[in-house]
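Worksheet: one structure, shown below.
What follows draws every value from the coordinates through simple rules; no lab data is involved. Keep in mind it's a predicted model, so treat the numbers as computed, not measured. A quick note on method: Cβ atoms are made from the backbone with ideal geometry, for glycine too, and the neighbour counts reach across all protein chains shown.
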Amino acid sequence: MPSTERIRPVLSDHVSGGFYLMPVQGMRLIIVGWYKAMEHLLYYVGPNSMFPPVQNWETSFAEGRGVSYGLETELGWKNEKLSATAYYTLSWSKRFFEEVYPDWFYANNDNRHKLNILFSWRINRALELYANWNYHTGNRVTFPSNVTPEGIYLYSEANNFTLPDYHRLDLGLNWVHRLRKGQRLELNASIYNAYNNKNAFFAYLKRSASGSFDGVAYSVLPFLPSFSLTYGF
């Protein structure tokens, strides 16, 4: 959201350190640790998160602070035709909003583990295949932890539940045809979420007639092919 007389801009202090190694020819290893402190963060506390108000929106946000810290690693290898890289992140992300909860709690995007694996194969000057696998532990959501006989929901803390883990595989092919006078044609064919994993985008609790609760999650982006043609001159 834009900064106003009431909404101050976000500030952050970030410190990081690490090292870079090349143990053998064509291989690299990078390990970096970081700590980040944030001030004037916003947290939506309005009545409807899907359709927030357009007018007087400033009153629908609480202001607070946050921290994040962790370790990032990168391991890569390549030669003239093949390239493979793996990225792994171990991180923690916390927030403090007094209007929401009287203590620190985990942020929505507190994904403890993240892993990305990229692979590419240049078959010849014109043709290249690539694959990208993405994984991270699920985002956090707030669900009631108990309910009274009068039907009042009780919450242990904010963002007290974790959605199922997220993962998908993207595949693609690039074809380049060079024309005269430096012009070229580029064709890309790709598949997003190749094995059609139904990753949870958002979730809610559904109460049955017997009074028990079931978590219901919804997926948004399924298996999705795409094509593009680019003419460069």
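Give, as a single signed number, the net charge of other residues whose beta carbon lies under 15 Å from the beta carbon of Glu128, with Lys and Arg counted +1 and Asp and Glu -1. Surrounding charge for Glu128 is +3. Computed extension length for Tyr88-Thr137: 16.4 nm, one decimal, from 0.36 nm per residue of separation with the Cα-Cα distance subtracted.
Let me have the relative contact order for region 1-82, percent, based on Cα pairs under 8 Å that are six or more residues apart.
It rounds to 33 percent for region 1-82.
Using every pair of distinct Cα positions in region 155-216, the Kirkwood expression returns a hydrodynamic radius of 16.5 angstrom. Got a sec? Which residues in region 110-152 would a label at Ala62 touch, if it sits 7 Å along Cα→Cβ and we count backbone N under 18 Å? Hits in region 110-152 for Ala62 at 18 Å: 110, 140-146. Counting only Cα atoms, region 47-114 measures 58, 29, 14 Å along its principal axes, largest extent leading. By the Stokes-Einstein formula, at 1.567 mPa s and 4 °C, region 70-203 with its Kirkwood radius over alpha-carbon pairs has D equal to 70 µm²/s.
When every Cα-Cα distance of region 1-82 is counted in 5 angstrom steps from zero, the calculated P(r) takes the values 3, 11, 15, 12, 11, 9, 8, 9, 8, 7, 5, 1 percent. Evaluating 6.51 cos²θ - 1.76 cosθ + 1.60 at θ = phi - 60° for every residue in region 54-69, the Karplus couplings come out as 7, 8, 6, 5, 4, 6, 9, 10, 9, 10, x, 9, x, 9, 9, 7 Hz, glycine and proline recorded as x. The length gained by stretching the chain between Val176 and Asn188 to full extension, at 0.36 nm per residue less their Cα-Cα distance, is 3.4 nm. Under 28 Å of direct C-alpha separation, and excluding same-chain neighbours fewer than eight residues apart, Lys36 reaches these lysines: Lys94, Lys114. Amide hydrogen proximity for Asp165: with H placed 1.01 Å from N in the peptide plane, the residues at 5 or more positions away or on another chain lying under 5 Å are Gly138. Each label was represented as a point 7 Å from its Cα along the Cα-to-Cβ direction; for Trp104 and Ala37 these points are 1.1 nm apart.
Cross-link partners for Lys181 among the lysines, with Cα-Cα distance under 30 Å and sequence neighbours closer than 8 places in the same chain left out: Lys81. In the chain, Rg over Rh equals 1.06, where Rg is the alpha-carbon radius of gyration and Rh the Kirkwood radius from pairwise Cα distances. Take the Cα of Ser16, go 7 Å toward its beta carbon, and the backbone nitrogen atoms of region 85-123 under 19 Å from that spot belong to 85-94, 109-118.
With both labels modelled 7 Å from their Cα along Cα-to-Cβ, the Leu129 to Tyr231 distance reads 3.1 nm. For region 213-227, backbone phi angles converted through the Karplus equation (6.51, -1.76, 1.60; θ = phi - 60°) give residue-by-residue couplings of 10, 10, x, 10, 10, 10, 9, 10, 9, x, 3, 9, x, 8, 9 Hz, Gly and Pro being listed as x.
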